[in-house]
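To start, the structure under review is shown below, and the notes come after it.
We did not get these values from a lab; they are worked out from the coordinates using the rules stated. What you are looking at is a predicted structure, and each value in this text was computed from that prediction instead of being measured. Backbone-built Cβ (ideal geometry, glycine too); neighbour counts: all protein chains shown.
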Amino acid sequence: MLNVAIIGAGVGTSHLAGFAELPDSYTVKTICDLDQERGRALADTQPGIGYTASMAKVLADPDIDLVDICLPPHLHFSACMDALEAGKKVICEKPLVASLRDADRLAEKVGQTGGFLSPVFQYRFGLGTAQLRALMDAGLAGRAYAGTLETHWNRDAAYYAIPWRGTWAGEQGGAMLGHAIHIHDLLPMALGPVDQVYADLGTRVNEIEVEDCAALSIRMKSGALITSSVTLGCAEDTSRMRLMFEGFTVESDQAPYSLANKAWRFVARPPTEQSQIDQVLADVGPVLSGYAGMFDAIKRKLDGEDAPYVTLDAGRQSLEFVTAAYGSARSGLPVSLPLGPDHAMYDGWVP
């Protein structure tokens with residue numbers, strides 16, 4: 001059993017619900033938020049949860065095993081470093097940090113302290129992704145040819161009324177960093193490393209500092225070619241991933257915040273037969289989805305199991321992709337990965 005403190009009562013509300021699905025693994029002991037009214041309101045939703053406005057108090061509490069950071073993006077790095085220094089295990093919402101340098105500094109801190117840090121990518125967990133993994137493990141996928149990603153969401157002026165949103169200082173980026181980062185994270189999970197990114201970014205929907213539209217051309221190390229369309233000016237919120245493999249075509253569900261929770265559609269491509277696909281799918285599930293699935297994988301990893309938890313390296317890969325996209329958009333040229341300290345935006349993309 002791990003005792004948890006949730007730092008930030010905004011998205012922390014969804015995290016609390018995820019922990020609540022795992023009562024034999026986690027106990028949420030504390031909600032920490034500077035907004036007393038919001039923090040106490042979340043703490044009061046479940047018995048036995050305390051409230052504090054002081055993160056220092058949380059870090060000094062020997063009963064807290066794990067700190068779950070749900071703060072605005074510009075606070076992630078310092079909060080993670082402080083929690084690791086205090087000997088706490090750490091979960092941190094996306095985006096993990098705002099530069100590859102800071103990601104590497106976090107990795108150094110984990111090494112120095114013998115700590116644990118897992119970034120948040122809940123799209124990886126659900127029936128749809130479990131089905132895809134099962135078919136790939138069964139050898140029915142073959143080579144990946146091409147694919148399309150869609151992050152078509154609706155964000156109006158009211159969404160950006162919160163002062164830190166829509167700003168480089170507060171959000172550290174726009175739709176590439178705060179919205180499409182989840183679906184882009186599915187690419188290396190399903191197809192392996194990214195080789196090259198060409199991106200065109202624009203601010204067309206709201207009067208904000210950061211981008212809210214994007215069009216990307218992506219080449220994977222395997223040779224698979226992917227396009228990604230991103231906008232915050234859609235009439236409704238939908239996400240979709242469609243991948244064409246040698247053995248089948250897969251299309252995800254379109255739920256924007258829970259893409260993998262439901263079954264995905266798999267269509268066999270000859271000589272693969274649909275009966276082979278269906279036979280494998282019949283043995284998949286039920287599985288935990290979203291935050292609960294992610295938190296379960298973390299607990300199993302900490303217990304010594306070979307669980308598919310989200311690694312710190314996966315968090316760095318997502319930031320590498322974002323760095324490449326911003327670099328490409330500003331140079332007008334494709335950017336090849338991986339990226340190291342010699343890259344012009346290693347220290348960050350924030351102007």
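The table for this structure:
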{"item": "Kirkwood-based shape ratio for the range 3-43, expressed as Rg/Rh from alpha carbons", "result": "0.96"}
{"item": "Value of relative contact order over the chain, rounded to a whole percent, pairs C-alpha under 8 Å and six or more apart", "result": "19"}
{"item": "Of the trypsin sites (Lys or Arg not before Pro) in the range 201-264, those whose Cβ has at most 11 other Cβ within 10 Å and which sit in DSSP loop", "result": "204"}
{"item": "Sorted largest first, extent of the range 123-289 alpha carbons per principal axis (Å)", "result": "52, 33, 24"}
{"item": "Nitroxide proxy distance, nm - points 7 Å out along Cα→Cβ at residue 242 and residue 44", "result": "4.9"}
{"item": "Stretch gain in nm, segment residue 195-residue 263, where the contour uses 0.36 nm per residue and the Cα spacing is subtracted", "result": "21.6 nm"}
{"item": "Efficiency of FRET between residue 14 and residue 63 - r from beta-carbon atoms, R0 30 angstrom, step 0.05", "result": "0.80"}
{"item": "Rounded D (µm²/s) - the chain, Kirkwood Rh over Cα pairs, Stokes-Einstein at 20 °C, 1.002 mPa s", "result": "102"}
{"item": "Space enclosed by the convex hull of the alpha-carbon atoms of the range 122-164, per residue, Å³", "result": "128"}
{"item": "CD proxy at 222 nm, helix term only [per DSSP H run n ≥ 4: -39500 (n - 2.57); per residue of the chain; nearest 500]", "result": "-10000 deg cm²/dmol"}
{"item": "Karplus-derived 3J(HN,Hα), 6.51/-1.76/1.60, for each residue of the range 31-37, Hz, glycine and proline x", "result": "10, 10, 7, 5, 7, 4, 4"}
{"item": "Alpha carbon centroid spacing (whole Å) that separates the range 17-72 from the range 199-214", "result": "35"}
{"item": "Set of lysines near residue 262 by C-alpha distance (under 30 Å), chain-local residues within fewer than 8 positions excluded", "result": "94, 221, 299, 301"}
{"item": "Computed FRET value (nearest 0.05) for residue 161 with residue 137, which takes r as the C-beta separation and R₀ as 35 Å", "result": "0.15"}
{"item": "³J(HN,Hα), Karplus 6.51/-1.76/1.60, whole Hz, each residue of the range 240-256, x for Gly, Pro", "result": "7, 10, 10, 10, 9, 9, 4, x, 6, 10, 10, 10, 6, 5, 10, 5, x"}
{"item": "Loop-resident sites, the range 213-253, for GluC sites (Glu not before Pro), counting at most 14 other Cβ within 10 Å (DSSP)", "result": "246"}
